[in-house]
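Enquirer: Take this structure first; my questions come after.
The values are calculated or read from the model by the stated rules, or taken from the named source; none is laboratory data. No experiment lies behind these values; they were computed from the predicted model shown. Note: ideal-geometry Cβ built from the backbone for every residue, glycine included; neighbour counts use all protein chains shown.
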Amino acid sequence: MRNPLHKRIFRLLWHKPGTYLPLFLMFLFSTTFLSAFFIAQNSIEPLYYQQLEEGKVEDGQILMMEPLSDTSKKAVEADALSLYENFYKEQNFGDDTHNDSNMLRIFKNRRAINLAMISEGRLPEKNDEMAVNANLALVNGYKIGDRLRVGDRDWTLVGFVSTPDYSTVLKNPTDLVMDAKYFGLGFVTDAGFDAIRGTKTNYLYSYRLHDTHTEEEARDLFQDALTRAAHEGTILSAMNRYDNPAIRFFIDDMGGDVPMMRLIMVFMFLALAFMTTTQTRGLVHEEAPVMGTLLASGYSRKSLLVHYTLLPFTMTLLAAVFGNLIAYAGGYKLYADLYYESYALPKFKPLLTLHSFCLTTLVPLCIVTILNVFILLYYLRLSPLRFLRSDISKRSKGSHRSLRHVPFLLAFRLRVLWEHRANVLALFFGLFIGNMLLLYGVEARTMFSEYGERVKSQILYNYTYIVKQPVPAYDNEQKALLTELDYRIDEEKTKKDTATGAHAFAKKAIMTYALDKGSRYHADRLDALKENEIIISRGMADKYHIAAGDAIAIKTRSDAHYTLFNVKDVFDDVSEQRLFMPMKNLNRFLKQPDNFFNTYLSDRTLSFDPENVLTRMDREKINNYMEHFIEGFSGVFVSVLILALVFYFVLVTTVSRQVLDKSRRNITYLKVFGYHDDEIARIYLHSLLFAMPIFYIVTLPLFDRLFTFCVQSALTKLGVTLHVYVSPARYAILFLIGFALFLLVQLFERFRLRKIDMVKELKVMNG
């Protein structure tokens, strides 16, 4: 038989909007915010893997200095893999094609490997047609049919596509950020490609293995292919799919976002659940006579438990259902647009998966229900007589005597805090979460901007040129040797650090910077290194748990054996994964002359034959990339800030309201004794304000560590080490924002305080 009490649930929600509506809206807002992320993530991730599968993603690539002959190609393949030409040319694009900031990497239409998936339009069919990556078109506002200036030609845009080998469109594997505004991919017909003049051809070969292999087996076959390729020509660079950031960066990025968002979700719902318990406590105190009457009339404690649990359960369920619907109807676009502006992915199709629905519905329902059940069980152990007398509060003996020497106003405030300690606890927990969100919203943009400035400051030369051949005219320029080496962590260290997961990165490619004497990059520390000693970057050290004194095994791409090097030091001022040694040491390791180099470091622009330049890095361009990259996240920063402010406001409003509602009798007596509303406000409302500095003093150390942990955990997987430092000024801003919100809430609650009619309340108290 249905419990007739349940009819009161919606009546209570309807007749007490000021009590339940703010919390409902907070649940709704939080669910929408979180569900939008999980819908976007759960929709995009299968599209990424679909693109890898259907697009026939490469198993590896080798960039040669010169094209391979048919005989050489067969020698490299060796019945283990199939080699495909994936040659490309690079030209400037946009209104100013003399501006090196905008670069388009142009390929022929693919037919057998790394196939393009069409988001809009079609692939080129005519020699003056071009397709570009979809996120380049999105960021720059290109439409199908637009004319795009590339080099000295105009092309008609006929398609927007994505390819599995460039889900992250990076110009260089070592690039810190991707930016579709300045760099993209173009696809043209074979004849259109051959007609491009005035730029060199890059002889890139992609391959697919004939059989399915484990990652370890695929890496071994990659090494075998490199060894064979090294006998057929000069290798400029090479990567397998597992080490290629253009393929892996997206999924690693998402892998860092998801744990952090789940952690935020749990904390947010815990805070909201605690707030529902304060409402449940207030409702029990308010309805104590009703509950006593029901118990005396024969209703079981179980039926009352179910009834009063249904109220927060229903509110949470409604918020979860409507929040998921809003997220699915369009809320997901906040995150989906962010991903699609940054990454080249197949056309988006939103999926409301069971996984995302459970995370944003079952998790809050379980947390809210469990906490409220515990609260109700605590009260329902009392006798019906205690409920009828409204005597359900546990009295603390001797508390008044302990405060007899304390000034009156302070003593009264302390008693208020003690009597409402459950509300204060919920307030503290909620403030902790609210300040975490608030700090992220306030600090994230500044933090990443400072990181960009730090990266720029660490690039000590305006220009870096990697060339095929040295140019005598630039003999006075600073020289270096940049190359990729394979490395693995020493076997003994791997055994010791199984808990850290270091063994999972047994074989990796690392960019090695071999610097000549006089370099601005820590020349004094590098010159002192012995032949078997190296220095690594902080990003590498943090990601793989390597410290000074550890050993790293290194080899060239064409070598079958590793050589052990000792880590002498760690450069704290470099965040990417890099390895450093003197140029002469690397040359001896490579069996090259001591003065062999491939890189010029300069503060001025150098002129080279385009065919001679393999890579050009511009410090100012990197800075522009970083600024645009950060700008792309501005929507997320703003949404988190809004969420934090709303969360903060609702939290303080809910707790303040609970304190006033529970203290209506005492407030009435104070009014009878002649206290003014302002005086009563100073006692009850200012008590919560009084607790705020205490909260900051107690929680600030834990708060700082947790925020640092969350940020670093999200970025470490990407190989980026962001040393989080929140200045005292930032914490002062948080305090001022919180203080301002407290004052705003108190302004509203003062109006409620003034509306308490002492005559009416006395009549209610006396029956």
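Results for (1) under 21 Å from the mean Cα position of the chain (by Cα); (2) modelled with pLDDT under 75; (3) surrounded by fewer than 19 Cβ atoms within 10 Å (Cβ to Cβ), shown as yes or no for each residue.
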site: 230; (1), (2), (3): no, no, yes
site: 239; (1), (2), (3): no, no, no
site: 244; (1), (2), (3): yes, no, no
site: 260; (1), (2), (3): yes, yes, yes
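Enquirer: Sticking with this structure for a sec: Could you pull out the residue among 642, 694 that is within 30 Å of residue 139 (Cβ to Cβ), modelled with pLDDT of 75 or more and in a helix (DSSP H, G or I)?
Expert: Working: 694 fails: within 30 Å of residue 139 (Cβ to Cβ).
From the options 642, 694, the qualifying one is 642.
Enquirer: Among residues belonging to the range 516-569 that are in contact with a helix residue (DSSP H, G or I) (Cβ under 6 Å, 6 or more places away or on another chain) and closer than 16 Å to residue 483 by Cβ, point out the one that is modelled with the highest pLDDT.
Expert: The residue in question is 516.
Enquirer: Something else: So, residue 118, is that one surrounded by fewer than 21 Cβ atoms within 10 Å (Cβ to Cβ), at pLDDT 90 or above and not in a loop (DSSP other than H, G, I, E, B) or not? Break it down stepwise before answering.
Expert: Working: surrounded by fewer than 21 Cβ atoms within 10 Å (Cβ to Cβ): yes; at pLDDT 90 or above: yes; not in a loop (DSSP other than H, G, I, E, B): yes.
Taking the combined requirement at face value, the residue satisfies it.
Enquirer: Looking at residue 422, is it surrounded by fewer than 18 Cβ atoms within 10 Å (Cβ to Cβ), in contact with a helix residue (DSSP H, G or I) (Cβ under 8 Å, 6 or more places away or on another chain) and at pLDDT below 75? Don't jump to the end; show me each part of the working.
Expert: Values: surrounded by fewer than 18 Cβ atoms within 10 Å (Cβ to Cβ): yes; in contact with a helix residue (DSSP H, G or I) (Cβ under 8 Å, 6 or more places away or on another chain): yes; at pLDDT below 75: yes.
In short, yes.
Enquirer: Would you call residue 26 under 25 Å from residue 644 (Cβ atoms) and out of contact with any Cys (no Cβ under 7 Å at 6 or more places or on another chain)? Before the answer, list the steps.
Expert: Details: under 25 Å from residue 644 (Cβ atoms): yes; out of contact with any Cys (no Cβ under 7 Å at 6 or more places or on another chain): yes.
Taking the combined requirement at face value, the residue satisfies it.
Enquirer: With the checklist (1) more than 25 Å from residue 599 (Cα to Cα); (2) at pLDDT 75 or above in hand, flag the one item residue 473 doesn't pass.
Expert: Status for residue 473: all satisfied but (1).
Enquirer: Take the residues of the range 141-155 that are touching a residue at least 12 places away in the same chain (Cβ under 8 Å) and out of contact with any Leu (no Cβ under 8 Å at 6 or more places or on another chain): which is surrounded by the fewest Cβ atoms within 10 Å (Cβ to Cβ)?
Expert: Keep residues of the range 141-155 that are touching a residue at least 12 places away in the same chain (Cβ under 8 Å), which gives 142-145, 148-155.
Right, trim to out of contact with any Leu (no Cβ under 8 Å at 6 or more places or on another chain) and you get 149, 151-153.
Details: 149: 16, 151: 18, 152: 11, 153: 15.
Among residues in the range 141-155 that are touching a residue at least 12 places away in the same chain (Cβ under 8 Å) and out of contact with any Leu (no Cβ under 8 Å at 6 or more places or on another chain), the one surrounded by the fewest Cβ atoms within 10 Å (Cβ to Cβ) is 152.
Enquirer: For the range 657-693, name all the residues that are within 17 Å of residue 743 (Cα to Cα) and either of a type in the set (A, V, I, L, M, F, W, C) or assigned by TED's automatic domain parsing to the domain that holds residue 279 (or both).
Expert: Residues satisfying the conditions are 659, 660, 680, 681, 683, 685, 688, 689, 690, 691, 692.
Enquirer: If you take the residues in the range 195-225 that are closer than 13 Å to residue 240 by Cα and among the small types (Gly, Ala, Ser), which one is surrounded by the fewest Cβ atoms within 10 Å (Cβ to Cβ)?
Expert: 218
Enquirer: Look through the range 482-515, keep the residues that are closer than 24 Å to residue 614 by Cβ and among the aliphatic types (A, V, I, L, M), and return whichever of them is modelled with the lowest pLDDT.
Expert: In the first step, residues of the range 482-515 are kept if they are closer than 24 Å to residue 614 by Cβ; the result is 482-487, 508-515.
Keeping just the survivors that are among the aliphatic types (A, V, I, L, M) gives 482, 485, 509-511, 514-515.
On the way: 482: 86, 485: 82, 509: 68, 510: 76, 511: 78, 514: 88, 515: 87.
Going through the qualifying residues, I end up with 509.
Enquirer: Please indicate, with yes or no, whether at least one residue in the range 96-103 is assigned to a strand (DSSP E or B), surrounded by 15 or more Cβ atoms within 10 Å (Cβ to Cβ), touching a Ser or Thr at 6+ places or on another chain (Cβ under 7 Å) and in contact (Cβ under 8 Å) with a residue 24 or more places away in the chain. Break it down stepwise before answering.
Expert: Going residue by residue through the range 96-103, those that are assigned to a strand (DSSP E or B) are 103.
Filter again for surrounded by 15 or more Cβ atoms within 10 Å (Cβ to Cβ), leaving 103.
Now drop any that are not touching a Ser or Thr at 6+ places or on another chain (Cβ under 7 Å), which leaves none.
No, the range 96-103 contains no residue that is assigned to a strand (DSSP E or B), surrounded by 15 or more Cβ atoms within 10 Å (Cβ to Cβ), touching a Ser or Thr at 6+ places or on another chain (Cβ under 7 Å) and in contact (Cβ under 8 Å) with a residue 24 or more places away in the chain.
Enquirer: Within the range 708-732, how many residues turn out to be crowded, with 16+ Cβ neighbours inside 10 Å and modelled with pLDDT of 75 or more?
Expert: Matching residues across the range 708-732 total 1.
Enquirer: Sticking with this one: Can you name the residue in the range 30-88 that is over 28 Å from residue 161 (Cβ atoms), among the hydrophobic types (A, V, I, L, M, F, W, C) and assigned to a helix (DSSP H, G or I) and is also farthest from the chain's Cα centre (by Cα) among such residues?
Expert: Step by step, filter the range 30-88, then rank; the result is 75.
Enquirer: Consider the range 23-49. How many of its residues are of a type in the set (Val, Ile, Thr) and over 16 Å from residue 334 (Cβ atoms)?
Expert: Step one: of the range 23-49, the residues of a type in the set (Val, Ile, Thr) are 31-32, 39, 44.
Narrowing further to those that are over 16 Å from residue 334 (Cβ atoms): none.
Total satisfying the criteria: 0.
Enquirer: Sort through 170, 157, 138 and tell me the only one that's at pLDDT 95 or above and either farther than 30 Å from residue 72 by Cβ or part of a loop (DSSP other than H, G, I, E, B) (or both).
Expert: Values: 170 fails: at pLDDT 95 or above; 138 fails: at pLDDT 95 or above.
It is 157.
Enquirer: Out of the residues in the range 596-619 meeting the condition of being assigned to a loop (DSSP other than H, G, I, E, B) and in contact (Cβ under 8 Å) with a residue 40 or more places away in the chain, tell me which one is surrounded by the most Cβ atoms within 10 Å (Cβ to Cβ).
Expert: This residue is 597.
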